[in-house]
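Here the structure is laid out as structure tokens; the discussion comes afterwards.
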Amino acid sequence: EDRRNNEYRFIVQQSSDHGKTWSKPIDFTDQVAGPKLKNAFKFVTSGRGIQTREGMLLHNYVRVGRGITLFGSGDHGKSWHKISDVSPGDESKVVQLSDGSLMVNSRIGPGRRHVHRSVDGGKTWKSDADFSLADPRCNACILQYQFKGSSKSPLIFCNAASNRSRRNLAVRVSHDNGATWSEGKVIDRGPSAYSEITILHDGSLGVVYEPGYKAIRFVRFSLDELMR
């Protein structure tokens, strides 16, 4: 993100050598945010976007105080377009569920998350608060586990699992597309802020997170360890 004229600008770069080198930055702000949002306080949510099984790249940006906007690319990032506005919402993550539908899981307020679901590719949404996911109003992460050679495809969610403060980083599992969640495995009982989770080459899971605000920490564990 680059800031010009009191506005965060959205920048994309590509790498074809696993991040060793990068293309020149391309500003795509105007492709996904119209003139009404010129100089408005908006920013791309920290963390990963996704690629759907149909090949669409998806991510979102926050329209501060007004919800989020889901945007995407159907040509591997050459061009981008707005898909829909989603509200209520703050920093949010989008995930494609096992049935092909989309879920946006958002920080919204202490003691709950807010979940939006779409069965038409993000054009329309059904929304509800989720009080089963303890949260202090902090950015979290979510993904569906898919790994070649594995029949398991649970939904995995990681956040600061506390309703009062940013601490107690925990990972939960859902086997029913987020209708219910496991009690969770605690990674760090101490201070924990933003986190991101990914599937590593060997099928294990990696979480990078902030243990407070002065360091970045990485932990690694297997899906079997998580589900015990």
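Under a Cβ-only charge scheme (Lys and Arg +1, Asp and Glu -1), can you give me the dipole magnitude of segment 79-228 about the Cα centre, in debye to the nearest 20?
340 debye
Which one is right for this structure if P(r) over Cα pairs in 5 Å bins from 0, in percent is calculated from it: [x] 1, 6, 14, 18, 20, 18, 14, 7, 2, 0, 0; [y] 1, 6, 11, 11, 11, 11, 11, 9, 8, 7, 6, 4, 2, 1, 0; [z] 1, 5, 9, 11, 13, 15, 14, 12, 9, 7, 4, 1, 0?
Recomputing P(r) over Cα pairs in 5 Å bins from 0, in percent here picks out [x].
Using label points projected 7 Å from each Cα along Cα→Cβ, tell me how many nm separate Asp224 and Gln51, to one decimal.
2.9 nm
Looking at Thr52, Val62, Ser79, which one has the Cα that reaches farthest to the positive end of the dipole of segment 5-82 (charges on Cβ: Lys, Arg +1; Asp, Glu -1)?
The residue sitting most towards the positive pole is Val62.
Quick check: residue separation of Lys38 and Ala215 times 0.36 nm, minus the Cα distance between them. What number comes out in nm?
60.3 nm
Just to confirm, what accessible area per residue do you get for the chain at 1.4 Å probe, in whole Å²?
Counting only protein heavy atoms, the per-residue value for the chain is 53 Å².
Roughly how many percent of the accessible protein surface of the chain is carbon and sulfur, given a 1.4 Å probe and a whole-percent answer?
50 percent
Of the peptides 11-18, 40-47, how do they stack up when ordered by the mean number of other Cβ atoms within 10 Å, highest first?
40-47, 11-18
What does the charge dipole of segment 141-183 about its Cα centre add up to, to the nearest 20 debye, if the Cβ of each Lys and Arg holds +1 and the Cβ of each Asp and Glu holds -1?
200 debye
The values are calculated or read from the model by the stated rules, or taken from the named source; none is laboratory data. Predicted model only: the values in this text are computed from it and were never measured. Every residue, glycine as well, gets a Cβ built from its backbone with ideal geometry; the counts of neighbours run over all protein chains shown. Ligands, DNA and RNA are excluded from the accessible area calculation, which covers all protein heavy atoms including side chains. Shrake-Rupley method; radii C 1.70, N 1.55, O 1.52, S 1.80 Å.
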